[in-house]
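These notes concern the structure reproduced below.
What follows is calculated from the coordinates using simple rules that are stated; it is not laboratory data. Small disclaimer: the values here were computed from a predicted structure and weren't measured. A quick note on method: Cβ atoms are made from the backbone with ideal geometry, for glycine too, and the neighbour counts reach across all protein chains shown.
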């Protein structure tokens, strides 16, 4: 099951400017969709055993110049990051329902420091796959992930040992090879900096293997399809995360200042 928000159902106040900016970003992605075609020889190619590699020739530029970018919501504790992400997915206000941004949600994940399951990279990948299949927003995706070799990489244990291969084979490859939707969609990850300190003390299952969800997304963001907007939130005090996601990857950084966004 995908990790959800503890604030779901709480009334939301203010922050309208952020939603307008996100709406603008999604519209910009949609406007850039025309003419986006990835040649088959540019796609990440699977090899025997269900393992895949992303060739160096597949870059943001080879898909469409400037297509690989996203949004980073930054603020201090209590500034309303999770409240805003919750409202984006499950609007409680009339304005939120009218915007209909929630209808462009492909998948989401809420990281929580007090719940280790929400910080598991393997669980994150399996959650994405399940949500994308259920959404029905990407026709043809579910059929591609039913391939036995793809399913093998999703198995508990195997996914944890090789999260990079699982992410490539089960998320990137299928999304890159299906017909792009008519409108851009978004992938939301709240509190992506949670668990990063824990990850620093963990050994990698293999050289270069990501220990955290943040590492996984930062190292593969350039290969997300151009119609998918990655939206992440993090505390502004976490310099490592903000640096990881502002090095030309998520070039829209919105700073939130502390104020109440949810009613009790």
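Listing 100, 191, 233, 105 from fewest to most neighbouring C-beta atoms within 10 Å gives 100, 105, 191, 233. Annotation for residue 114 and residue 178: the two label points, set 7 Å from Cα along the Cα-Cβ direction, are 3.6 nm apart.
Extension gain for residue 27 to residue 151 (0.36 nm times residue separation, less C-alpha to C-alpha distance): 41.3 nm.
By the count of other C-beta atoms within 10 Å, a proxy for reagent exposure, 179, 168, 21 are ordered fewest to most as 179, 21, 168.
Cβ crowding within 10 Å ranks 28, 165, 87 as 28, 165, 87, fewest other Cβ atoms first. Apply the Debye scattering formula to the stretch 91-174, with a single equal point scatterer on each alpha-carbon and no solvent, then give log10 I(q)/I(0) at q = 0.21, 0.26 Å⁻¹. The Cα Debye sum returns log10 ratios of -0.97, -1.22.
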